[in-house]
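So the structure is just underneath, and the comments pick up after that.
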Amino acid sequence: MARPLLEVSDLNVEFRTDDGPVQAVRGVDFSVDAGQVLAIVGESGSGKSVTAMSILQLLPPSASISGEVMWKGENLLEVKEPRIREVRGGEISMIFQDPLTALNPVYKVGDQIVEMIQAHGRVSRRDARDRAIEMLDLVGIPQPAKRVDQYTHEFSGGMRQRAMIAMALSCDPQLIIADEPTTALDVTVQAQVLELLTDLADRLDTAVVLITHDLGVVAGMADRVTVMYAGRMVEAGSTDDVFDGTGHPYTHGLLMSLPRLDSDVGAPLMPIGGQPPSMLSPPPGCSFHPRCPFAREDLGCMTEVPATLERSPGHVSACHRADELMADGALDHRRLVGAGRQAADTDTVSVTDDGSAPGTGTEGGGLER
Amino acid sequence: MGTFVLRRLFQLVIVLWGGATILFILFYMVGGNPAERMASGGGERNPNPQVVRNLEVRYGLDKPKPQQYVAHMSRIARGDFGESFRTREPVVDIAKRRAPTSFRLAFWAVIIEGTMGIGSGMLSARRRNSLADVVTTIAAVVASAIPVFVLGFMIKQLTGVYAYQNDWPAWARFPTIGLGDNDWIFWVIPTGNTWKYVVQPAFVLAAVSTAILARITRTSMLETMRMDHVRTARAKGLSEKQVTRKHVLRNALIPVVTILGIDFGTMVGAAILTETVFNIQGLGSQIVASAKDLDMPVVIGLTMLVTLVYGTMSLLVDLSYAYLNPRVRLGDD
């Protein structure tokens, strides 16, 4: 098998803060093949954005990073200034969460794209500008020749993110890291922007790392999924494996909390109880145990960090009870609503078992939310 | 934008008129007879009643106050600001004599404020918590805490008195009176030895604002450096230098430019302490002296000039603000 395009192994990121060190990312591994879409999923504070930033050395100096980020035979964590600048934007580009703040308000949108093009090659201003217009056209911005001379405040939210995508694609990168690209957008344009991103990535054969907290988004477009919790990777595998053969209670919790088209009208959503842990003092053992309905003291959930084991080819998860729960079908979100929770000991959610519609959907929430 | 400027200019006229009116009312309330003061040579001898009478007629002081007010205002509207009750010098001539000095002093003070304030603010922001940051922070606190006249007298004593007494080299001795001869090119650039007159008062006048500006620059830079679009600029593959120059500085200096402009407007008219310490014949000290003499035409005329400068500066600041920050559109408020 060819080497993956990007291979991250044993990534650790620690921030020095006034309250002590914070371990934001703890031993994360993942890889992306050329042209593939990898989704990294987790709640806020799970370390997914920090993971993305560390790839391009964009974290503040207070972060200490260890591990390996292999890109074309180089460890990006170690390359020096001129080379990392070539990679940034030229080979790997990023799309950020809020396009309003991620674009500079005092420069014209076109100039910001031109600036990026000129940073990665000897291109005349005129040619770079033509390229910028072409890119704006490509992402579906009407009247690109006029829009190129406008400022961000003259763009709508969706348009801004389109412009951001245009900028990210303007130097033909092999990989795009999209950090929650739709979170700041109106729900009505979220799907459009995501579709545009994955469609263009597909057409231009660009790989995508899609960082999101929205599993519904993932189902429709990712080839592979990595689920993170409290700085650790808890499950990773192909999208089908993770959705249909879920191997971690946290992933299960995320899937169960999605609104579904085929659930009963009025049936409550099932949130995951409790709060994500403080990264200043993450819980010992499995970080998810305080919120896990399946946690058992006698199995070491509270004391031992679960090993990341392969559950089926290419599908790994880190849970002491994964094999047992998977065999039971307790982690199958398509089972009768609430059944999995009933067996478990939880005080956070109570669902009456009158739901009679067995989930038959194959794609989780999909984009229909 | 044209309408915006027109409207602001109209507002400025209103402000000038309002200011003059308030001053007139204050002079009326203070009372006293300017004609008597003039005839007595500023209170030195008993005035001759006939002289007082003549003066009253000459300046229209015998008329009822509202009539005096209307007469004075309509003269001003025609560009005639009257003449000094004390010296009979036309107010316009006084302004012509005094204003260039004040402008030059303020000009150089703002240059010092801009370069030193922005420079040290940038330095301490870029090397946050470094020695340079700590030193500029302390220097800024000290500079803004020392009263202007204390700082002025100390410097004057050191370079103007002590330096001569102890045979310091010529370059370390400074004149301490006035702004030197009228050797200026382009109106503001000193020639020959004149710069030696300018540098100390300009520095003293700039001290407090420089310290404040350094703090504001630092805060503004730090704030901008944390912004998402700066991270985007870095993620685009720009060098640190490009990121700082194009994306941090440009955004961070928007409030700084505003302050510089307003400071210039203030310094032209309100440099009284500095002018006093260094015996500089500027507008501020003239207004204070004339106010003491109840020399109404001079006070009203020069105050209007100072107000005009301030108003023009704030208009220019607003225009530059709209230029620097495209989100601001003029005339939409």
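With the cut-off at 15 Å, report for segment B:34-80 the share of all Cα pairs above it, as a whole percent. Every Cα pair in segment B:34-80 considered, those over 15 Å come to 50 percent. The share of C-alpha pairs in segment B:168-235 whose separation exceeds 14 Å stands at 72 percent. Helix B:131-145 and the long axis of chain B differ in direction by around 10°, with both axes built from C-alpha atoms. Projected over all directions and averaged, the alpha-carbon convex hull of segment A:197-278 occupies 6.7 nm².
In units of the rule-of-thumb radius 2.2 N^0.38 Å, the protein assembly as shown shows an alpha carbon radius of gyration of 1.36. Positive contributions from Lys and Arg (+1) and negative ones from Asp and Glu (-1), summed over other residues with Cβ under 9 Å from the Cβ of B:ALA233, come out at +3. Here the Debye sum runs over all C-alpha atoms of chain B as equal scatterers in vacuum, and log10 of I(q)/I(0) at q = 0.12 Å⁻¹ comes out as -0.99.
With a simple spin-label model that places each label point 7 Å from the Cα along the Cα-to-Cβ direction, the separation between B:ALA170 and A:ASP244 comes to 9.5 nm.
As a ratio to 2.2 N^0.38 Å, the alpha-carbon radius of gyration computed for segment A:85-226 takes the value 0.98. Computed over Cα pairs, the Kirkwood radius of segment A:2-78 leads via Stokes-Einstein (0.692 mPa s, 37 °C) to a diffusion coefficient of 253 µm² per second.
Once the chain from B:ARG245 to B:ASN46 is taken as fully extended at 0.36 nm per residue, the excess over their C-alpha distance is 64.8 nm.
Per residue, the average separation of C-alpha pairs within less than 8 Å and at least 6 apart gives chain A a relative contact order of 18 percent. The orientation-averaged projected area of the convex hull spanned by the Cα atoms of segment A:245-343 comes to 7.1 nm². Going from the residue with the fewest nearby Cβ atoms within 10 Å to the one with the most, B:TYR164, B:TYR197 rank B:TYR164, B:TYR197.
With N the number of residues in segment A:1-152, Rg(Cα) / (2.2 N^0.38 Å) evaluates to 1.21. On the basis of the beta-carbon distance and an R0 of 22 Å, B:ARG78 and B:THR21 show a calculated FRET efficiency of 0.80.
Taking every DSSP helix (H) stretch of at least 4 residues in the protein assembly as shown, weighting each as -39,500 (n - 2.57) and dividing the sum by the residue count yields a mean residue ellipticity at 222 nm of -14500 deg cm²/dmol. In the calculated pair-distance distribution of segment B:251-333, the portion above 19 angstrom amounts to 50 percent of the Cα-Cα pairs.
Where in segment B:46-121 are there trypsin sites (Lys or Arg not before Pro) that are in a DSSP coil and have at most 11 other Cβ atoms within 10 angstrom of their Cβ? Here the sparse-neighbourhood loop sites are B:ARG78, B:ARG88. Each residue in A:SER54, A:SER66, B:SER314, A:SER49 was given a count of other beta-carbon atoms within 10 angstrom of its own, and listing them fewest first yields A:SER66, B:SER314, A:SER49, A:SER54. Per-residue Cβ neighbour counts within 10 Å put A:TYR107, A:TYR250 in the sequence A:TYR107, A:TYR250, beginning with the fewest. Once the Kirkwood radius over Cα pairs is known for chain A, the Stokes-Einstein relation at 10 °C and 1.306 mPa s delivers a diffusion coefficient of 73 µm²/s.
Counting DSSP beta bridges with both partners in chain A, what percentage is antiparallel, nearest 5? Close to 65 percent.
The alpha carbon gyration tensor of segment B:128-211 gives principal lengths a ≥ b ≥ c with a/c of 1.5 or higher and a/b greater than b/c, which makes the shape prolate. If a helix is a whole DSSP H run, which ones in chain A reach 20 Å or further along their own axis (Cα) and hold a mean Kyte-Doolittle hydropathy of at least 0.0? Result, helices passing both filters: A:187-203.
Computed from the coordinates by the stated procedures, all read-outs in this text should not be read as laboratory data. Given the structure is predicted, the values throughout are model-derived calculations rather than measurements. We place every Cβ from the backbone using ideal geometry, glycine too, and count neighbours over all the protein chains shown.
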